[in-house]
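One structure below.
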Amino acid sequence: MSLALEKPSFWLMIMGASASSMMGYGVFFWLPSFFSRSFQLGLVETGWLFGGVLFVAGSLGIFLGGVMGDLMGKSKRSAFATVPAIAFLLSAPLYWAGIMAPSPLLAVIILFIPTALGLAWLGPVLSAFQHLMPPHMRTSASSVFLLINNLLGIGGGVYVLGRVSTVLQPTFGDGSLRISIVIGASIYLVAAFFMFWAARYLARDWEGGGETVPVPQAEPPTEAEPS
């Protein structure tokens, strides 16, 4: 913990990931109810729509987020934080558009994109955590991250969105959950803020230091060593 306290990027990335998890877990939990209440869809239809979006878009987002983090992170360490930050920044307005869509088909098409973007942080952030601590401390560092992330994400996101919907129900009726998710999507902007902030310190806090990854070059052959 004494070493972690000297690395602000470690805590800022935890806060950014946890803020996104609050929205992610909350939306994934409440989206089936949203489709049912707002579009009067049955359980089977809701399952196919929501399950398809989450499986395809989620898998694609996790994969592409990791690829982008690796490609950009080779020349700039801060990319492991800026890639998730940009994804979060784009997720919020796209969630607003998808949730406010007038038809379930249009909502599914739009929500496909922010669902992918909202999970793009997993590869870059988890990779960065493994380089912010020495090898013998990585397990403990990951445990701290998972503890905070799950407490705020699972423990907070699902409850907060449901509670806001309940408070708004006398005014908006069955549309209260729609408004709750729209409000909750703003948390992605908070997540983006923390990630952009973490990017300022990531290169300094990286174990081994340096902004770029050195690539070993082969030495030219000498007269005593024919090529």
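The values are calculated or read from the model by the stated rules, or taken from the named source; none is laboratory data. No experiment lies behind these values; they were computed from the predicted model shown. In this analysis, Cβ positions are derived from the backbone assuming ideal geometry, glycine residues included, and neighbour counts consider all displayed protein chains. When the accessible area is computed, the model is the full protein with side chains, heavy atoms only, and any ligands, DNA or RNA have been set aside. Shrake-Rupley method; radii C 1.70, N 1.55, O 1.52, S 1.80 Å.
Numerical summary
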quantity	calculated
VAL167 versus VAL67: modelled label distance in nm, points set 7 Å from Cα along the beta carbon direction	4.2 nm
Inter-label distance, nm, simple model (7 Å from Cα along the C-beta direction), ILE154/ASP174	3.2 nm
Amide hydrogen neighbours beyond the local backbone of SER78, cut-off 5 Å, H modeled	ALA203
C-alpha center-to-center spacing [segment 181-210, segment 1-75] in angstrom	15 Å
Whole-Hz ³J(HN,Hα) from phi, Karplus 6.51 cos²θ - 1.76 cosθ + 1.60, for segment 143-153, glycine and proline x	5, 4, 4, 5, 4, 5, 4, 6, 4, 6, x
Dipole magnitude of the chain about its Cα centre (Cβ charges: Lys, Arg +1; Asp, Glu -1), debye to nearest 20	740 debye
MRE, 222 nm, helices only [DSSP H, n ≥ 4, -39500 (n - 2.57), over the chain, to nearest 500]	-25500 deg cm²/dmol
Added length on full extension, which subtracts the Cα-Cα distance from 0.36 nm per residue, GLN40 to ARG200	52.9 nm
In Å, descending, principal axis extents of the Cα set of the chain	83, 43, 24
Charge dipole (the chain, unit charges on Cβ, about Cα centre) - positive-most of GLY156, LEU177, PHE196	LEU177
Sulfur and carbon atoms: percent of accessible area, the chain [1.4 Å]	71 percent
The chain: angle of helix 122-132 to the longest principal axis, Cα-based, in degrees nearest 10	40 degrees
Contour minus Cα-Cα distance for VAL56 and LEU5 (0.36 nm per residue)	14.6 nm
Å² of accessible area per residue within segment 80-159, as computed with a 1.4 Å probe and no ligands counted	43 Å²
